[in-house]
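Everything on this sheet refers to the single structure shown next.
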Amino acid sequence: MKEKALLAGRLFREGYNCCQSVILAFAPELGLDEKTAARIGSSFGGGMGRLREVCGAVSGMLMVLGLMEGYDSPADTQGKAKQYARVQELAQRFRGKNGSIVCRELLGLSEHKSSPKPEERTEAYYKKRPCAELVECAAEILEAELEKQHI
């Protein structure tokens, strides 16, 4: 497993949400301090505020991609198309490994949203949730992509 994947998994197990864990793993390369990186991802845990939509790990992966290599001009239609193609490719890789990019589907839930109150992080929580592995997967996919792009 790649370095960023291990770090992201450790951060999740420390209590950060899925999105925060991925962003924090790449924060030094982004020039972000820990507090800023954690705040950027704070709304995206639990598939966006526990709405169980797009997996927070996927959101974090794509946020890092955008911060590292995204376009910044509304007139850059070529850059936008290139970025969207990369987003779709990375999302497809994640989906291929995990079956979905949707939080509720990854967790086997039928509800689109749950209580805004986060679950207590206990040993039982970590045993029933695949989130640490999903965070590691997203970070590993991104790290491999970034290595490939810069070689």
Matching residues, the range 5-51, being of a type in the set (S, T, N, Q), over 10 Å from VAL135 (Cβ atoms) and assigned to a helix (DSSP H, G or I)
THR36
Anything in the range 57-82 that is under 14 Å from LEU142 (Cβ atoms) and either touching a Pro at 6+ places or on another chain (Cβ under 7 Å) or crowded, with 16+ Cβ neighbours inside 10 Å (or both)? List them, or say none.
ALA57, VAL58, SER59, GLY60, MET61, LEU62, MET63, VAL64, LEU65, LEU67, GLY70
Taking the conditions exactly as written (of a type outside the set (Phe, Trp, Tyr) and either in contact with a strand residue (DSSP E or B) (Cβ under 9 Å, 6 or more places away or on another chain) or buried (at least 19 other Cβ atoms within 10 Å of the Cβ) (or both)), does LYS4 satisfy them or not?
yes
Let me spell it out: the conditions are (1) on the phi < 0 side of the Ramachandran plot; (2) free of Cβ contacts under 8 Å to residues at least 12 places away in the same chain, and LEU65 meets all of them except one. Which number is the exception?
(2)
One residue from GLU53, GLU119 being of a type in the set (D, E, K, R), free of Cβ contacts under 8 Å to residues at least 60 places away in the same chain, surrounded by 18 or more Cβ atoms within 10 Å (Cβ to Cβ) and within 19 Å of CYS18 (Cα to Cα)
GLU53
Restricting the first residue to the range 91-114 and requiring it to be closer than 18 Å to GLU136 by Cβ and among the basic types (Lys, Arg), which pairs with a second residue that is modelled with pLDDT of 95 or more and outside any helix (DSSP H, G or I) meet a Cβ separation below 6 Å and a spacing of at least six or different chains?
ARG95/ILE101
Among the residues of the range 11-50, which ones are farther than 19 Å from LEU146 by Cβ, charged (D, E, K, R) and surrounded by fewer than 16 Cβ atoms within 10 Å (Cβ to Cβ)?
ARG13, GLU14, ASP33, GLU34, LYS35, ARG39
Return the residues of the range 131-151 that are assigned to a helix (DSSP H, G or I) and without any contact (Cβ under 8 Å) to a residue 60 or more places away in the chain; say none if nothing qualifies.
GLU147, LYS148
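The values are calculated or read from the model by the stated rules, or taken from the named source; none is laboratory data. Remember, it's a predicted structure, so these values are computed and weren't measured experimentally. A quick note on method: Cβ atoms are made from the backbone with ideal geometry, for glycine too, and the neighbour counts reach across all protein chains shown.
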